[in-house]
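Written below as structure tokens is the structure these notes are about.
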Amino acid sequence: PITGISIDPDPQSRWVSGLTGNAYFLRYRVRLDSPQRHADLRIEMALDNQEVPVASEPTYAGLTTVSGTIDGRTVSGAGFTEIWSGLKQ
């Protein structure tokens with residue numbers, strides 16, 4: 001169930017854009033706890049400055065690395081992540 005998913009930013013990974021002044025977290029912990037599956041993943045942006053300065057609403061989108069466990073098995077990989085809401089300073 002969707003209620004078994006949690007996504008938490010790492011407060012130590014905060015990055016501030018010199019262009020827009022928006023702040024973004026660059027590392028997240030994603031957990032899934034359900035009767036069928038268990039996952040504990042860490043997602044980290046590959047680079048600091050991947051902000052897309054769109055006039056209507058700047059976003060942060062870019063390459064990420066993923067590592068952790070799914071059902072007790074170690075996993076790792078790469079992905080693409082979009083963060084839609086930057087935190088204003």
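The values are calculated or read from the model by the stated rules, or taken from the named source; none is laboratory data. Please read all numbers here as calculations on a predicted model, not as lab measurements. Positions of Cβ are backbone-derived with ideal geometry, glycine not excepted, and every protein chain shown enters the neighbour counts. Only protein heavy atoms, including side chains, enter the accessible area calculation; ligands, DNA and RNA are left aside. Shrake-Rupley method; radii C 1.70, N 1.55, O 1.52, S 1.80 Å.
For segment 37-66 versus segment 17-32, the inter-centroid distance based on Cα atoms is 7 Å. Pairwise Cα distances in the chain exceed 19 Å in 44 percent of cases.
Solvent-accessible surface of the chain, taken per residue with a 1.4 Å probe and all protein chains present: 66 Å².
Binning the C-alpha pair distances of segment 1-49 at 10 Å intervals from 0 yields a P(r) profile of 25, 39, 24, 10, 1 %, listed from the shortest bin outward.
When only the Cβ of Lys, Arg, Asp and Glu is charged (+1, +1, -1, -1), the dipole of the chain relative to its Cα centre reaches about 140 debye.
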